[in-house]
Amino acid sequence: MSNKEQQQEYAQKIKPLQPKPPYVINCLKAYLVGGLICVIGEALMKFYMTYFNFNEETAGNPTAATLILIAALLTGIGVYDKIGQFGGAGSAVPVTGFANAVTSAALEHKSEGIVLGIATNLFKLAGAVIVFGAVSAYIFGMIRYAFKTLM
Amino acid sequence: MDYLWAFLVGGAICVVGQLLIDIFKLTPAHVTTSFVVLGALLDAFGIYDNLIKFAGAGATVPITSFGHNLLHGAMASAEEHGFIGIAMGIFELTSAGISSAILFGFLVALIFKPKG
Amino acid sequence: MKLQGRQTWKFGDQVYLNSTGTAVGPMESEGPLGSLFDVRYNDLHCNEKNWELAERRLMEDSIASCLGKAKLTNEDINFFLAGDLLNQVVTANYVARGNEIPFLGVFGACSTSMESLAVGAALVDGGFAQRVVAAVSSHNATAERQFRYPTEYGGQKPDTATFTVTGAGAALISSEPSPIRIASATIGKVQDLGIKDPFDMGSAMAPAAADTIMTHLKETGMAPGDYDLIVTGDLSGVGAPIVKMLLKEKGIDVSNNHRDCGLMVYRPDQEVFAGGSGCGCSAVVTYGHLVKELMSGSLKRILVVATGALLNPTMIQQKESIPTIAHAVALEGIKGGSN
């Protein structure tokens, strides 16, 4: 087993030989892909507000659902992982990334059956988002409501 | 104009995520969970609503808006039922997103085969 | 004494590599060595229902083609030494269930190819076996789903990541003369210099490869130039320069005769990040390509150093670093098929 100094020395030594992530290009790609997904979202929102009975507050729901449907289908036909490799966070951060995490996990475990494979693994990757979202919303909600009632 | 702001703000949020991945070596899962917490936090100070007014889908499509919606639902329900309402209302507004993710994810997994 | 030094086996004159078989997936078929592989699939599923079955099919095909060339059947084989990257080496276990050859499962991650070849040669040399089949396999999708993320997940991979080779290789080892002799083998020590990034296995494995090459040369008394080629398994574009640097520091210059299987199996313009990896990588390159070069005489003596990252996702999440290992086997071409 190597000690700390040897590990640090090795890390230093190999640093010049390791390729660095292309920070600028990755950020530009993420900006482009993430921005475009939001533009599609904006178009969907306008669509639901014009042709259906939705207002600015409520149009977010069918928009999210539609984007999730599109992302799930793109995952199914094997395209979303390619978009993800190109766009990085640009395709992971929008709600479509959430849909991809859900769908890809379910799809991958299809071979283990519908109950123990698909259903059990559906939230394998995306579950963390819901857990952290719900817990933090609960905590922030408590604090905010406490402030409000005390003031 | 709406489209331009949606592009600019939505893209910018994604760039923050990309920097967290490339520089701080976070996994995408860590980035999305942090963003949900961040969205809820911004909503706790009432900031996120302003961002939505300004950027539209640029603020509602990124996963940060999931945190914002969770807290929003909780607070709306708290108005009615007090402290108990917070837990009751958390998933009120995000129901469409979660149920469609479950439904579409399940159906796609049933129909398609992984391509690799 | 067949043991040289502490960890090198010098085999007698009667251990031969009689026949090999390879089976690969679509990306490998399109690679520069594509036409050299025995069985090629255009479909990553290899006409099977799921990824695990596809990998099993590859290993079965490689063995069938290896034995077919030697005109032997399963009954002629004493022992089947096999391994793969999956938990409990399931591919090897299920292939062994089918072929009913007495079976020893081996695991050394991507170094399993040379581990099984070395142990098989030792069994033959020691008189414990007449004929041994050593086989390994890896599959891009089974590896992705076990070690990383679901195959359709859109997570971005860095340039240091490697691409698991979809392929299997099998080798027949016996004391019956053939154009290729298994000369010696060096069993590696597990090395760990603290690399924790599962997307940078080249950096993690390079010290293991350097240590095994250095030890092999020291214990056999050979010079790097004695080998036409010193081939590492799957160090890829990141690890290959590191191993050269580490060896240079010890006064060993391999800059002219070092190659890496991970860089040979794909074209540079194929989208495989830093290069190929997996036990299929060193196996298909060695058994599909290098062996043919030895037979034709364009290579006379080579050292294959298969490198393995003993990676486990649970251990990585518990913040452990990646232990790595490398095993070396020296192969010699004999003109005319006997000496």
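The values are calculated or read from the model by the stated rules, or taken from the named source; none is laboratory data. What you see is a predicted model, and the numbers here were worked out from it, not measured in a lab. Here Cβ is always computed from backbone atoms with ideal geometry, including for glycine, and neighbour counts include all displayed protein chains. Areas reflect the complete protein model, heavy atoms only, side chains present, ligands, DNA and RNA absent. Shrake-Rupley method; radii C 1.70, N 1.55, O 1.52, S 1.80 Å.
Would you confirm whether any residue within the range A:137-148 is buried (at least 16 other Cβ atoms within 10 Å of the Cβ) and within 20 Å of the chain's Cα centre (by Cα)?
Within the range A:137-148 (the criterion being buried (at least 16 other Cβ atoms within 10 Å of the Cβ) and within 20 Å of the chain's Cα centre (by Cα)), the answer is yes, since at least one residue qualifies.
Restricting attention to the range B:80-97, and to residues there that are part of a helix (DSSP H, G or I) and facing chain A (nearest Cβ under 7 Å), which single residue is most open to solvent (accessible area, probe 1.4 Å)?
Here the residue is B:Phe83.
So, in the range C:1-59, how many residues would count as being farther than 21 Å from C:Val285 by Cβ, touching a residue at least 12 places away in the same chain (Cβ under 8 Å) and outside any strand (DSSP E or B)?
Step one: list which residues in the range C:1-59 are farther than 21 Å from C:Val285 by Cβ, which gives C:1-15, C:43, C:45, C:47-53, C:56.
If we keep only those that are touching a residue at least 12 places away in the same chain (Cβ under 8 Å) too, we end up with C:2, C:4-15, C:43, C:51-52, C:56.
If we keep only those that are outside any strand (DSSP E or B) too, we end up with C:2, C:5-7, C:11-15, C:43, C:51-52, C:56.
Final tally of qualifying residues: 13.
With the requirement that a residue be closer than 30 Å to C:Gly202 by Cβ, out of contact with any Cys (no Cβ under 8 Å at 6 or more places or on another chain) and assigned to a strand (DSSP E or B), what does the range C:60-85 give you?
Scanning the range C:60-85 gives C:Leu81, C:Ala82.
Quick one: A:Ser111 ticks every box in (1) in contact with a Ser or Thr (Cβ under 9 Å, 6 or more places away or on another chain); (2) within 9 Å of chain C (Cβ to nearest Cβ) bar one, so which box is it?
The failed condition is (1).
Specify the residue that is modelled with the lowest pLDDT; the eligible residues are those in the range B:107-116 that are open to solvent by 60 Å² or more (accessible area, probe 1.4 Å) and touching a helix residue (DSSP H, G or I) at 6+ places or on another chain (Cβ under 8 Å).
Of the residues in the range B:107-116, the ones open to solvent by 60 Å² or more (accessible area, probe 1.4 Å) are B:107, B:110-111, B:113, B:115.
When the remaining residues are screened for being touching a helix residue (DSSP H, G or I) at 6+ places or on another chain (Cβ under 8 Å), the result is B:107, B:110-111, B:113.
Details: B:Leu107: 97, B:Leu110: 96, B:Ile111: 96, B:Lys113: 93.
Filtering first and then ranking leaves B:Lys113.
Yes/no per residue for (1) more than 16 Å from the chain's Cα centre (by Cα); (2) among the basic types (Lys, Arg):
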{"residue": "C:Arg259", "(1), (2)": "no, yes"}
{"residue": "C:Leu303", "(1), (2)": "no, no"}
{"residue": "C:Ile316", "(1), (2)": "yes, no"}
{"residue": "C:Pro323", "(1), (2)": "yes, no"}
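Which count do you get for residues in the range A:17-39 that are surrounded by 14 or more Cβ atoms within 10 Å (Cβ to Cβ), modelled with pLDDT under 95 and within 14 Å of chain B (Cβ to nearest Cβ)?
2
Considering only the range C:287-296, I want to know if a residue exists there that is more than 26 Å from C:Gly83 (Cβ to Cβ), in contact with a Pro (Cβ under 7 Å, 6 or more places away or on another chain) and surrounded by fewer than 16 Cβ atoms within 10 Å (Cβ to Cβ).
Scanning the range C:287-296 turns up no residue that is more than 26 Å from C:Gly83 (Cβ to Cβ), in contact with a Pro (Cβ under 7 Å, 6 or more places away or on another chain) and surrounded by fewer than 16 Cβ atoms within 10 Å (Cβ to Cβ).
Listed residues C:Ala209, C:Ala183; which is more than 25 Å from C:Gly126 (Cβ to Cβ), in contact (Cβ under 8 Å) with a residue 24 or more places away in the chain and open to solvent by less than 10 Å² (accessible area, probe 1.4 Å)?
C:Ala209
For A:Gly78, only one of the following conditions fails: (1) out of contact with any helix residue (DSSP H, G or I) (no Cβ under 6 Å at 6 or more places or on another chain); (2) more than 9 Å from chain C (Cβ to nearest Cβ); (3) closer than 25 Å to C:Ala143 by Cβ. What is its number?
(2)
Just checking, does the range C:142-159 include any residue being open to solvent by less than 10 Å² (accessible area, probe 1.4 Å), polar (S, T, N, Q) and within 11 Å of chain A (Cβ to nearest Cβ)?
Yes - at least one qualifying residue is present in the range C:142-159.
Please go through the range C:212-225 and pick out each residue that is out of contact with any strand residue (DSSP E or B) (no Cβ under 8 Å at 6 or more places or on another chain) and either under 22 Å from C:Ser321 (Cβ atoms) or surrounded by 17 or more Cβ atoms within 10 Å (Cβ to Cβ) (or both).
C:Met214, C:Leu217
Please count how many residues of the range B:48-62 are free of Cβ contacts under 8 Å to residues at least 12 places away in the same chain and either touching a Leu at 6+ places or on another chain (Cβ under 6 Å) or not in a helix (DSSP H, G or I) (or both).
Of the residues in that region, 0 qualify.
Give the residue that is nearest to C:Leu331 (Cα to Cα), with candidates limited to residues of the range C:86-128 that are outside any helix (DSSP H, G or I) and over 18 Å from the mean Cα position of the chain (by Cα).
C:Gly126
For the range A:118-136, enumerate the residues that are open to solvent by 20 Å² or more (accessible area, probe 1.4 Å), within 8 Å of chain B (Cβ to nearest Cβ), in a helix (DSSP H, G or I) and more than 15 Å from B:Gly67 (Cβ to Cβ).
Hit for the range A:118-136 is A:Ala119, nothing else.
I'm trying to understand the selection: among the residues of the range B:32-47, which are in a helix (DSSP H, G or I) and surrounded by fewer than 24 Cβ atoms within 10 Å (Cβ to Cβ)?
B:Thr33, B:Ser34, B:Val37, B:Leu38, B:Leu41, B:Leu42, B:Ala44, B:Ile47
Quick check on B:Phe54: is it of a type in the set (A, V, I, L, M, F, W, C) and closer than 28 Å to A:Lys82 by Cβ?
Numbers: of a type in the set (A, V, I, L, M, F, W, C): yes; closer than 28 Å to A:Lys82 by Cβ: no.
It is false that B:Phe54 is of a type in the set (A, V, I, L, M, F, W, C) and closer than 28 Å to A:Lys82 by Cβ.
Taking the options B:Ser65, B:Ser77, name whichever one is open to solvent by less than 40 Å² (accessible area, probe 1.4 Å), touching a residue at least 12 places away in the same chain (Cβ under 8 Å), part of a helix (DSSP H, G or I) and within 8 Å of chain A (Cβ to nearest Cβ). Let's see the steps before the verdict.
Values: B:Ser77 fails: within 8 Å of chain A (Cβ to nearest Cβ).
Unique residue meeting the criteria: B:Ser65.
Here are some residues: A:Gly90, A:Gly84. Which one is facing chain C (nearest Cβ under 10 Å), within 20 Å of B:Ile52 (Cα to Cα) and open to solvent by less than 20 Å² (accessible area, probe 1.4 Å)? Spell out the reasoning first.
Details: A:Gly84 fails: within 20 Å of B:Ile52 (Cα to Cα).
Just one listed residue meets the conditions, A:Gly90.
Which of (1) facing chain A (nearest Cβ under 8 Å); (2) surrounded by 24 or more Cβ atoms within 10 Å (Cβ to Cβ); (3) over 30 Å from A:Ile77 (Cβ atoms); (4) not hydroxyl-bearing (Ser, Thr, Tyr) is the odd one out, the single condition B:Pro28 does not satisfy?
It is condition (3) that B:Pro28 fails.
So the check is Cβ under 6 Å with 6+ separation or different chains; which pairs have a first residue in the range A:4-16 that's within 9 Å of chain C (Cβ to nearest Cβ) and a second one that's of a type outside the set (Lys, Arg)?
A:Gln7/C:Leu193; A:Gln7/C:Gly194; A:Tyr10/C:Leu193; A:Ile14/C:Ser203; A:Ile14/C:Ile242
State all residues of the range B:1-25 that are β-branched (Val, Ile, Thr), in a helix (DSSP H, G or I) and open to solvent by 50 Å² or more (accessible area, probe 1.4 Å); if no residue qualifies, say none.
B:Val16 - this is the single residue of the range B:1-25 that is β-branched (Val, Ile, Thr), in a helix (DSSP H, G or I) and open to solvent by 50 Å² or more (accessible area, probe 1.4 Å).
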